[in-house]
Amino acid sequence: MAAINLEEFFDSKSLDKLAELYVLMTKESLSVKDTGINYRVINHWDEKGLIRFARNSTEGYRKFSLVDFIWIKVVNELREFGVNLPDIQKITNDLYEPLPIKDFLAHYAQNLNILSEYEGKEDLIEFLKSGNYENVDYSLFRFNFLQILIAEAIATRKPISLLLFKNGEWFPYNPEKESAYPEEILFKKEYASHIFVSLTDIIFRHIVEDELSGYLEGINIFTQNELAVIKHLKDEDYSNIVVVLKDKAAAHVEVRKDSNAKNRIMKIIRLKEYKEFVVFDNENNEHRIGKTKIDRN
């Protein structure tokens, strides 16, 4: 992975979101069938060190977490792009490397003003001021880079991506954290040929599908009103959906049921471009679904 100032790239809000979602994201409840990838391919990737997984059942069946599922989808996209196995193995090793939590805390201890804008940080600030963070056994905290990238994508809905170059060099990219990147890396991103894989797209593309639908409530990607709209999409219980937009230049947009309707609505939801949804069901009944006042993300 290209050298990046990780203490600036991942802020305290990112770590908070990771801590909040950690148990749910790492619960191993998905099967090979859920991934949509042939088990022989999964076996091959496992043998080559491209994936990580646990085999806890007595029958030896593989069980994957949400994090593993997303990584399998990334590996599949990289293979479709023709990326060779050694390069993917290197990225896998880098992403599953434990985060340097002590280094992060030391960075915040030296820059307490970073935390001042967030409410409810009083205990953490006192902990950092005391210096006790230096004596904690951080081997108990097994957060890794991939987990925090996924938490960042879930928390912000921003386009968190992996960029891979011809020489095998790669780095995670968050457009809102460009100040954390050295100038030479940003130059390379702009001018060198590379493969661009969006973690955010993979997460939002699959989280509404059947294999991951169980995560919808617990992982808090969507508000309750957004979940109501998504249910209409999943059940195909709509004839058309009128979206009242935030942008006054385009007061509303109407989306009729077709093969691209879900993608269009999900894009609007992901970007939070809406004020209200008006769903007309298959009986032509009108359902007005407003934006919730409490944004859990």
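The values are calculated or read from the model by the stated rules, or taken from the named source; none is laboratory data. This is a predicted model, so every value here is computed, not measured. Every residue, glycine as well, gets a Cβ built from its backbone with ideal geometry; the counts of neighbours run over all protein chains shown.
Given the conditions (1) free of Cβ contacts under 8 Å to residues at least 60 places away in the same chain; (2) crowded, with 20+ Cβ neighbours inside 10 Å; (3) hydroxyl-bearing (Ser, Thr, Tyr), report the number of the one that residue 139 does not fulfil.
Every condition holds for residue 139 apart from (2).
Listed residues 217, 184, 209; which is charged (D, E, K, R), more than 25 Å from residue 274 (Cα to Cα) and surrounded by fewer than 19 Cβ atoms within 10 Å (Cβ to Cβ)?
Sole residue among the options that is charged (D, E, K, R), more than 25 Å from residue 274 (Cα to Cα) and surrounded by fewer than 19 Cβ atoms within 10 Å (Cβ to Cβ): 184.
Do the conditions hold for residue 136, that is, is it within 30 Å of residue 37 (Cα to Cα) and either in contact with an Asp or Glu (Cβ under 8 Å, 6 or more places away or on another chain) or modelled with pLDDT of 75 or more (or both)?
It is false that residue 136 is within 30 Å of residue 37 (Cα to Cα) and either in contact with an Asp or Glu (Cβ under 8 Å, 6 or more places away or on another chain) or modelled with pLDDT of 75 or more (or both).
Residue 193 is checked against (1) over 21 Å from the mean Cα position of the chain (by Cα); (2) of a type outside the set (D, E, K, R); (3) not assigned by TED's automatic domain parsing to the domain that holds residue 164 and fails just one. What number does that condition carry?
(3)
Take the residues of the stretch 166-181 that are free of Cβ contacts under 8 Å to residues at least 24 places away in the same chain and of a type outside the set (Asp, Glu): which is surrounded by the most Cβ atoms within 10 Å (Cβ to Cβ)?
Of everything passing the filter in the stretch 166-181, 173 is surrounded by the most Cβ atoms within 10 Å (Cβ to Cβ).
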